[in-house]
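Okay, structure first, notes after.
The values are calculated or read from the model by the stated rules, or taken from the named source; none is laboratory data. Quantities reported herein were computed from a predicted structural model and do not represent experimental measurements. Note that we place each Cβ from the backbone using ideal geometry, even for glycine, and neighbour counts take in every protein chain shown. Accessible surface is based on the protein model in full, side chains and every heavy atom, while ligands, DNA and RNA are left aside. Shrake-Rupley method; radii C 1.70, N 1.55, O 1.52, S 1.80 Å.
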Amino acid sequence: GCVLVVSVIEQLAQWHNSTVKAAMERLCNYIPGKYQITHCMLCCIDREMNADVVCHSLKLCRQDPGQPLCHLYPPPKVSWFSTFFFKATDCGKSFKLEYIFMGFSSVCAFPLLANLCKKIKYVIRNKLPFEDFDGDKFSTFPTLRGYHWRGKDCNDKNTTVYPGRRPDNWDVKSDSNCNGIWGVDPKDGIPYEEKFCKGADSKGVMLLGDSAGAHFHIPPEWMTVTQMSAKSFANLPMAFTDELDWPQFSEITGFLNSTIGGWTDSLYLRLRRRNRCNHRDLQNISQNDTKNDFPINIAAYLSFSLARNQLLDNPAIVVYATIGNDVCNGNRDTLAHMTTPKEMLSNVVQALRYLDSRLPNGSHVILTGLVDGRFLWDNLHDRYHPLGQLNRDITYSQLYSFLDCLQVSPCSGWLTSNETLRNLTSERAVQLSNVLKGIATSEKFANFDVFYMDFPLRQTAEEWRKMGGEPWQLIEPVDGFHPSQIAAALGTSITWQKALHEWPHVLGKENPLNDQIEAVFKDQGGH
């Protein structure tokens, strides 16, 4: 974190030919709210010293005994402390930055904030909306696991009103399932919900996924000084309260027009176009996790997070897509920490059995295979990262090595110059995908059928090339790891076409009355 902030400040000073102090003030003016702690760094930042030197001298970065020296930039030829020792020591004594930074972690110790912090931690851990007055797991608030992640509640004071349920008495008096269709047609006295949605094979879509499914994204303009302005950081509060995820633009549950590049196309939007009665019936239960404990504890997450009543609600299409978590971790001995085929079988079957106890009859589950992450190194390693574009001094290879040294790499097995390790990681991914494929062909469940599909990376890249694009544009530029907005949108199209040709019943029937629904309810039921 220190290296990132100092790099941006130094580059701002360089780009605008200003002092470090002026660059700091510029950055503070860009960011919503003033983060006064950064002013404590001013005396310690020298444009002649790179960010690694500054942060190690401040002791915000350190080299533990017996561990390698982690650095993003090439080490200076002279001794770090021979040129910087007195300046850094004085600054450290004056401001004690390490204690200031540590103080952020204890903010929840204040009595007035303790309960709030406790609830926020509970919400994030269990993937439940922060603001949910009736406890039905749906919200009228967008972030903090609100309606960016699930269909928007239309009555947060009534636990029997939420997206995805079957209509209560055909919604004659009110909209019990939040699809915007309710009331009675005065021409014939037939409830609109009955007229438009009876027998329409309505169904929702749910994603059980990892950070790729949550659509993790750090805006590159946050660290590209040539593009930086106050507008660049306007979305910062929303981004942080959504855990740096953008599910509202994602491949499975996206529903808003993308503001992070590319365009939005999702399984939900296509199901909604196919049958307008599916409006708002979406849930994205994904999490950012690079330690493999998510698949092992997925049943526990589901028990808290899944919102589906087997008796009262419509069936659902559930997409199970942990496309990298089982082989990705930041450990030095990364192979030893990958999920084994035996563990994969047990974890997924356990999760499916739990789903069988919760999903309404007539549901469907799609198991998505793991990605071949060698695509990342092959297409990015020699390109410049956003932080390195000004001076052409930081490649993705350097970024990957830096994160790996710190043991915080999102995927040590693929984000490495070690070709053997990259191949072994992909071999394990294939083994785990084969487990999922076997489950789809051999396991039977009472309330849903199971299908398997490969993660469509190769087809996505081919389609993007036909459109004149480059493969590297399918990868998130800042982390160099997750699928980009373009990749998400193209992946939707490929998945939809496969489903149409191979499992058309999964998608439900096309509602011939969609145009009539829109004509009557064009001003209702907004997302």
Can you find a residue that is assigned to a strand (DSSP E or B), out of contact with any His (no Cβ under 8 Å at 6 or more places or on another chain) and either over 18 Å from Leu490 (Cα atoms) or not assigned by the TED database to the domain that holds Ala51 (or both) anywhere in the range 380-388? yes
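Within the range 325-340, which residues are assigned to a helix (DSSP H, G or I) and open to solvent by 50 Å² or more (accessible area, probe 1.4 Å)? Write out each step before concluding.
Going residue by residue through the range 325-340, those that are assigned to a helix (DSSP H, G or I) are 334-337.
Passing the criteria: Leu335, Ala336, His337.
For Phe402, indicate whether it is open to solvent by 30 Å² or more (accessible area, probe 1.4 Å) and either more than 20 Å from Tyr320 (Cα to Cα) or at pLDDT 95 or above (or both).
Working: open to solvent by 30 Å² or more (accessible area, probe 1.4 Å): no; either more than 20 Å from Tyr320 (Cα to Cα) or at pLDDT 95 or above (or both): yes.
Against the criterion (open to solvent by 30 Å² or more (accessible area, probe 1.4 Å) and either more than 20 Å from Tyr320 (Cα to Cα) or at pLDDT 95 or above (or both)), Phe402 does not qualify.
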Can you list residue pairs whose Cβ atoms sit under 7 Å apart, with the first residue in the range 234-245 being at positive phi and the second being crowded, with 19+ Cβ neighbours inside 10 Å? Count only pairs 6 or more apart in sequence or on different chains. Leu244/Phe216; Leu244/His217
From Ala234, Ala212, grab the single residue that is of a type outside the set (Asp, Glu) and closer than 30 Å to Trp15 by Cα. Ala234
Does Trp246 fit the bill of being at pLDDT 95 or above, open to solvent by 10 Å² or more (accessible area, probe 1.4 Å) and assigned by the TED database to the domain that holds Asn347? no
Would you say Glu510 is in a loop (DSSP other than H, G, I, E, B) and of a type in the set (D, E, K, R)? yes
Select from the range 466-476 the residues that are in contact with a Phe, Trp or Tyr (Cβ under 9 Å, 6 or more places away or on another chain), open to solvent by less than 70 Å² (accessible area, probe 1.4 Å) and assigned to a loop (DSSP other than H, G, I, E, B) and list them in ascending order. Glu476
Please identify the pairs in which a residue from the range 428-453 that is over 19 Å from Lys498 (Cβ atoms) and not assigned by the TED database to the domain that holds Val349 has its Cβ atom under 8 Å from the Cβ atom of a residue that is open to solvent by 20 Å² or more (accessible area, probe 1.4 Å) and in a helix (DSSP H, G or I), counting only partners at least 6 apart or on another chain. none
Return the residues of the range 192-211 that are touching a Phe, Trp or Tyr at 6+ places or on another chain (Cβ under 9 Å) and either in a strand (DSSP E or B) or assigned by the TED database to the domain that holds Ser305 (or both); say none if nothing qualifies. Gly204, Val205, Leu207, Leu208, Gly209, Asp210, Ser211
Filter result for the condition that a residue is out of contact with any Lys or Arg (no Cβ under 7 Å at 6 or more places or on another chain), over 30 Å from Ile190 (Cβ atoms) and in a helix (DSSP H, G or I), over His501, His505: His501
When both residues are 6+ apart or on different chains and their Cβ atoms are under 9 Å apart, which pairs have a first residue that lies in the range 257-284 and is at positive phi, and a second that is assigned to a strand (DSSP E or B)? Arg280/Arg150; Arg280/Gly204
Any hit, the range 180-191, residues being outside any loop (DSSP other than H, G, I, E, B), crowded, with 23+ Cβ neighbours inside 10 Å and not acidic (Asp, Glu): no
Pull out all pairs, ordered by first then second residue, where Cβ-Cβ is under 6 Å, the residues are six or more apart or on different chains, the first lies in the range 349-369 and is in the same structural domain as Glu502 (by the TED database) and assigned to a helix (DSSP H, G or I), and the second is at pLDDT below 95 and open to solvent by less than 40 Å² (accessible area, probe 1.4 Å). Gln350/Ala299; Ala351/Ile298; Ala351/Ala299; Tyr354/Ala299; Tyr354/Leu302
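Results for (1) open to solvent by less than 40 Å² (accessible area, probe 1.4 Å); (2) at pLDDT 95 or above; (3) under 22 Å from the mean Cα position of the chain (by Cα), shown as yes or no for each residue.
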{"position": "Asp382", "(1), (2), (3)": "no, yes, no"}
{"position": "Pro386", "(1), (2), (3)": "yes, yes, yes"}
{"position": "Gln389", "(1), (2), (3)": "no, yes, no"}
{"position": "Arg392", "(1), (2), (3)": "no, yes, no"}
{"position": "Ser397", "(1), (2), (3)": "yes, yes, no"}
{"position": "Ser409", "(1), (2), (3)": "yes, yes, yes"}
{"position": "Gly413", "(1), (2), (3)": "yes, yes, yes"}
Could you list, in sequence order, the residues of the range 230-242 that are part of a loop (DSSP other than H, G, I, E, B) and open to solvent by less than 40 Å² (accessible area, probe 1.4 Å)? Asn235, Asp242
